[in-house]
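Structure first, then comments.
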Amino acid sequence: MITPVELIAALTGAPALPVRIVVDGHALRAGYHVTEVKLARYASLDCGRGLHHWEEAVVEILDGCGGDPMTAAKLSGIVAEAVDRMPALAEAPLVVEHGTRGVMRYGVALMRDVDGWTMHLQPLRATCKAANAPAPKRSACCSG
């Protein structure tokens, strides 16, 4: 997963270019809005009784109503200010929340072409931490 500092570094390479956001093969309308950038801290107990702690940098995006697309400079500026004010965001995995009928969580793949930047949002899937842990830390899973 990309981190906020990786996103900022990439976007500052071409700050005047527009940033399109694509979800399920469809671009959000221009004029989308970054409603907030938040640091989410989690603690969980998996099905194998393993305790986990992690942080995520979450960017919440509201679909647009038209207008001009956000530039790379604007988006990187918003994320950079959040990192300045909440330094723990810097290296946390970046997750985007978006949805019109309920909030969905997405990983981000960033691509640049001649027309600008495209953030491809990829749905995040549930995983079994107990079953997917590296061999020395793998624990018994309740499903098998």
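Nothing in this text is a laboratory measurement; each read-out follows from the coordinates by a stated rule. Since we're looking at a predicted model, the values are computed, not measured. Ideal geometry is used to build each Cβ from the backbone, glycine not excepted, and the neighbour counts take in all protein chains shown.
Please state which one of Glu60, Glu36 is closer than 15 Å to Arg105 by Cβ and touching a Ser or Thr at 6+ places or on another chain (Cβ under 7 Å). Let's see the steps before the verdict.
Working: Glu36 fails: touching a Ser or Thr at 6+ places or on another chain (Cβ under 7 Å).
Matching residue, one of Glu60, Glu36: Glu60.
May I ask you to list pairs of residues, at least six apart or on different chains, whose Cβ atoms are under 9 Å apart, with the first in the stretch 1-22 being of a type in the set (Asp, Glu) and the second being outside any loop (DSSP other than H, G, I, E, B) and surrounded by 15 or more Cβ atoms within 10 Å (Cβ to Cβ)?
Pairs found: Glu6/Leu94; Glu6/Leu110.
With the requirement that a residue be in a loop (DSSP other than H, G, I, E, B) and surrounded by 15 or more Cβ atoms within 10 Å (Cβ to Cβ), what does the stretch 86-113 give you?
Going residue by residue through the stretch 86-113, those that are in a loop (DSSP other than H, G, I, E, B) are 86, 90-93, 99-103.
Within the stretch 86-113, Met86, Ala90, Ala92, Pro93 qualify.
Scan the stretch 115-130 for residues that are surrounded by 13 or more Cβ atoms within 10 Å (Cβ to Cβ), within 27 Å of Ala16 (Cα to Cα), touching a residue at least 60 places away in the same chain (Cβ under 8 Å) and not aliphatic (A, V, I, L, M) and jot them down. Please lay out each step first, then the result.
Our first condition is that a residue be surrounded by 13 or more Cβ atoms within 10 Å (Cβ to Cβ); within the stretch 115-130, this holds for 116-122, 124, 128-130.
Next cut, within 27 Å of Ala16 (Cα to Cα) only: 116-122.
Add one more test, that the residue is touching a residue at least 60 places away in the same chain (Cβ under 8 Å), and what stays is 116-121.
Selection gives Gly116, Trp117, Thr118, His120.
Quick one: which residue in Thr12, Thr3 is surrounded by 13 or more Cβ atoms within 10 Å (Cβ to Cβ) and more than 30 Å from Thr127 (Cβ to Cβ)?
Selected residue: Thr12, the only one of Thr12, Thr3 that is surrounded by 13 or more Cβ atoms within 10 Å (Cβ to Cβ) and more than 30 Å from Thr127 (Cβ to Cβ).
As an exercise: evaluate Val83 against (1) crowded, with 16+ Cβ neighbours inside 10 Å; (2) over 10 Å from the mean Cα position of the chain (by Cα); (3) of a type in the set (A, V, I, L, M); (4) within 19 Å of Gly31 (Cα to Cα) and give the number of the one condition it does not meet.
(4)
Within the stretch 39-80, which residues are surrounded by fewer than 18 Cβ atoms within 10 Å (Cβ to Cβ), aliphatic (A, V, I, L, M), under 22 Å from Thr12 (Cβ atoms) and more than 16 Å from the chain's Cα centre (by Cα)?
Ala73
Matching residues to (1) free of Cβ contacts under 8 Å to residues at least 24 places away in the same chain; (2) of a type outside the set (Phe, Trp, Tyr):
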{"site": "Tyr32", "(1), (2)": "no, no"}
{"site": "Asp46", "(1), (2)": "no, yes"}
{"site": "Glu55", "(1), (2)": "no, yes"}
{"site": "Cys65", "(1), (2)": "no, yes"}
{"site": "Asp68", "(1), (2)": "no, yes"}
{"site": "Leu94", "(1), (2)": "no, yes"}
{"site": "Asp113", "(1), (2)": "yes, yes"}
{"site": "Pro134", "(1), (2)": "yes, yes"}
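When only residues in the stretch 24-38 that are out of contact with any Asp or Glu (no Cβ under 9 Å at 6 or more places or on another chain) and part of a strand (DSSP E or B) count, which is surrounded by the fewest Cβ atoms within 10 Å (Cβ to Cβ)?
Among those residues, the one meeting the criterion is His26.
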